[in-house]
1. In the P(r) worked out for the stretch 13-128, what percent of Cα pairs fall beyond 22 Å?
2. Could you order Leu41, Leu81 so the one with the most accessible surface comes first? Probe is 1.4 Å.
3. So for the stretch 79-128, considering every pair of alpha-carbon atoms, how many percent are separated by more than 17 Å?
4. Considering amide H positions built from the backbone, and no H for Pro or chain starts, which residues 5 or more places from Val92, or on another chain, come under 5 Å of its amide H?
5. Please give the Cα centre distance for the stretch 21-64 versus the stretch 84-112, rounded to the nearest Å.
6. Using θ = phi - 60° and the Karplus form 6.51 cos²θ - 1.76 cosθ + 1.60, what ³J(HN,Hα) does each residue of the stretch 19-24 get, whole Hz, x for Gly and Pro?
Amino acid sequence: YLAFGGYPAVVLADTLVEKMRVMDEIALQLREKLAHTPFHLHFWKSKAGAEVDFVMETGAGVIPIEVKYQTLKDTHIPRSLRSFISSYNPSVAYIVNLSLKASIQLEKTEIKFVRWWELPKALEVERT
């Protein structure tokens, strides 16, 4: 069980099964948080095959959320997220990861690197 709304309650193993569990838990938590709001959660894939894990549709636009089950050391932006930003020009995007907390600008989009347990609180700010 993962304490997604707070700090991690378990040590995450570096296995494919654990990676999938974390992705499933993030998806579940996002759906639960958005259940009683006007926001919707989607998946995005371009014709060329670029993918973004989650796209939150809000009344003001879309927020792409890319999940990287990795300890990030720098603010590298995945090609698929760059493609999404180029096509849709969101004001903000998230890269969820295990370690890095940072913020950078790409074109008109602020890209926020957040640790996975911080995502719900970060999205609360976006909803207000």
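1. Counting pairs separated by more than 22 Å, the tail of P(r) holds 29 percent.
2. Values: Leu41 40, Leu81 0 Å².
The residues order as Leu41, Leu81, largest area first.
3. Numbers: 425 of 1225 pairs.
Beyond 17 Å sits 35 percent of the P(r) for the stretch 79-128.
4. Glu110
5. The distance from the Cα centre of the stretch 21-64 to that of the stretch 84-112 comes to 14 Å.
6. Using θ = phi - 60°, the values come out as 4, 5, 4, 4, 4, 4 Hz.
The values are calculated or read from the model by the stated rules, or taken from the named source; none is laboratory data. The structure presented is a predicted model; accordingly, all values stated were derived computationally and were not measured. All accessible areas refer to the heavy atoms of the entire protein, side chains included, with ligands and DNA or RNA removed. Shrake-Rupley method; radii C 1.70, N 1.55, O 1.52, S 1.80 Å.
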